[in-house]
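The values are calculated or read from the model by the stated rules, or taken from the named source; none is laboratory data. All figures in this text were calculated on a predicted structure; none of them were measured in a lab. Ideal geometry is used to build each Cβ from the backbone, glycine not excepted, and the neighbour counts take in all protein chains shown. Ligands, DNA and RNA are stripped out before the accessible areas are found, and what is left, the full protein with its side chains, is counted by its heavy atoms. Shrake-Rupley method; radii C 1.70, N 1.55, O 1.52, S 1.80 Å.
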Amino acid sequence: MEAPLPEELSAAPRPTLSRRALVRTGGLIAGAALTPSLVRAVTRQVDSTSALADPTRVPGVASDSLGTRSAFETPRLSPVGVTGGSSWTPHHLLHGTITPADLHFQRHHNGIPVIDPARHTLTIHGLVERPLEFTLEELRRFPSVTRTYFIECSGNGGRAWNNPKPDMSPQVVEGLTSNSEWTGVAMSTLLRAVGVKSSASWVVAEGSDAAVMARSVPMSKMLDDALVVYAQNGEALRPGNGYPIRLLLPGFEGNMSVKWLRRLEVVDQPLMSREETSKYTDPLPGGKARQFSFVMDVKSLITSPSYPGQLAEKGWHAVRGIAWSGRGRITRVDVSTDGGRSWHEATLPNGALPLAHTRFEHLWQWDGRATRLLSRAFDESGAVQPTADEYRRARGNAPGYHYSAIRAWDVAADGTVTFGGG
């Protein structure tokens, strides 16, 4: 005799058929016993609400040639339709440290070019012994290097500094940084192939977009850890991220990691291009300005709790976020749950890679009172993320680039969370 079903299974609600489903099946099952075989026969006609109530009683959909996200998960870059501006990564909707390639932030100066990889080449010339032109296939024949690095636009954080609003999410506040696993060929390998002359001290990198983006890079950086990459997170670069190849300069401001790379000219002085004179310089108090301020400063960002989230009840909550620095490895992150009166060292659950996003976490017992959440990061160079006042004294009131001060999130007594500035 067949054993009876456990009570919790026998009591499970059975799928129900709507009148519309009965009509679609020609009324053939009207009045019939709802047997398991009959349920399977009309599965596709069952209302979606029934499938959601008990997916074990409804066959799943067939696989496709590309995996897709669940319909319940809807992270998106924002804004869209950009040809001269930026789209930001939704940090508050992500987990871990790796940014999905399709959610990597984008900064464009004149749209995304459409490039045939079979026709694209990289030319290296100038102060070299052997000027060479490489196809994508030839670049792939060199020994490959795979590294995890962040890229950050030097303008990241400026919007929330210059015009802070309570309804700013982490995507708007610091959405112009992303972290990926990159694969390509070491720049030092290519420079050895062409034979750099002793008089060379800079390399001009130029892209294939309509803006013909060009930046000057110190030779020391090119010989250190620079890469020419063709893959991101295990797949070919996506068009918005530089397909088919881009330069990658770990820790340097993002616009220098020139996308759609087509030319590298070895020279003995910087180009002083449009992007190095009228843009990407840092005004300082007293009428001075920083130029060639390549390295990104130490930073952190709480991604949860944050706007538009809400704490449902008093009790224990995890304060989570990311930290990063262009000077190397994150060594410590502190979290304050009382507006900066006291600080607690957060844990780094997965450790810290150099020049990469690092996850931090601090368990906090919320007592139901309004408060302010803060985080500050430390890196291996000894740098500490400054307060807004400290940053203002050093860099002035309206920096265009390299904003790095501590950010705040305000928690109200009803649990709502809003951006608190900084």
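A few comments on the model shown:
Every residue, every condition in (1) among the charged types (D, E, K, R); (2) open to solvent by less than 40 Å² (accessible area, probe 1.4 Å); (3) part of a loop (DSSP other than H, G, I, E, B); (4) modelled with pLDDT under 95, yes or no:
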position	(1), (2), (3), (4)
D102	yes, no, no, no
I115	no, yes, yes, no
R119	yes, no, yes, no
F134	no, yes, no, no
E137	yes, no, no, no
T146	no, no, no, no
Y149	no, yes, no, no
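- Of K259, K221, all but one fail to be in a loop (DSSP other than H, G, I, E, B) and of a type in the set (K, R); the exception is K259.
- Residue, least open to solvent (accessible area, probe 1.4 Å), within the stretch 213-234, restricted to residues that are modelled with pLDDT of 95 or more and under 23 Å from V80 (Cα atoms): Q232
- For D225, the criteria (1) among the acidic types (D, E); (2) farther than 19 Å from S78 by Cα; (3) within 20 Å of the chain's Cα centre (by Cα) hold in every case but one, which is (3).
- First in the stretch 117-135 and without any contact (Cβ under 8 Å) to a residue 60 or more places away in the chain, second anywhere and loosely packed, with under 13 Cβ neighbours inside 10 Å, Cβ under 9 Å, 6 or more apart: A118/E137; T135/A118; T135/R119
- Residue match in the stretch 333-354 (condition: within 21 Å of I151 (Cβ to Cβ), among the β-branched types (V, I, T), at pLDDT 95 or above and within 19 Å of the chain's Cα centre (by Cα)): no
- So W202, is it among the aromatic types (F, W, Y), more than 17 Å from the chain's Cα centre (by Cα) and open to solvent by 20 Å² or more (accessible area, probe 1.4 Å): yes
- Neighbours by Cβ (under 7 Å, 6+ apart or cross-chain): first from the stretch 399-422, over 22 Å from F294 (Cα atoms); second of a type in the set (S, T, N, Q) and open to solvent by less than 40 Å² (accessible area, probe 1.4 Å): W409/S306; V411/T371; V417/S306
- Candidate set from the stretch 162-191 (those that are assigned to a helix (DSSP H, G or I) and out of contact with any strand residue (DSSP E or B) (no Cβ under 9 Å at 6 or more places or on another chain)); member that is least open to solvent (accessible area, probe 1.4 Å): S188
- Residues (aromatic (F, W, Y) and either at pLDDT 95 or above or open to solvent by 70 Å² or more (accessible area, probe 1.4 Å) (or both)) located in the stretch 263-309: F294, Y307
- Of all residues in the stretch 310-323, those that are within 24 Å of the chain's Cα centre (by Cα) and either closer than 30 Å to R395 by Cβ or open to solvent by 50 Å² or more (accessible area, probe 1.4 Å) (or both) total 6.
- Where a residue in the stretch 222-238 is farther than 18 Å from V267 by Cα and its partner, wherever it lies, is in a loop (DSSP other than H, G, I, E, B) and open to solvent by 30 Å² or more (accessible area, probe 1.4 Å), with Cβ under 8 Å and at least six apart: Q232/R238; N233/I98; N233/P100; A236/Y243; L237/Y243
- Near pairs, Cβ below 7 angstrom, 6+ apart or cross-chain, from the stretch 363-385 (over 19 Å from W324 (Cα atoms) and open to solvent by 40 Å² or more (accessible area, probe 1.4 Å)) to any residue that is in a loop (DSSP other than H, G, I, E, B) and among the aliphatic types (A, V, I, L, M): R369/A413; A370/A412; A370/A413
- Extreme residue, most open to solvent (accessible area, probe 1.4 Å), among residues of the stretch 406-422 that are of a type in the set (A, V, I, L, M, F, W, C) and more than 21 Å from the chain's Cα centre (by Cα): A413
- Restricted to the stretch 239-248, and to residues there that are touching a residue at least 40 places away in the same chain (Cβ under 8 Å) and open to solvent by less than 30 Å² (accessible area, probe 1.4 Å), the residue that is farthest from L261 (Cα to Cα) is G240.
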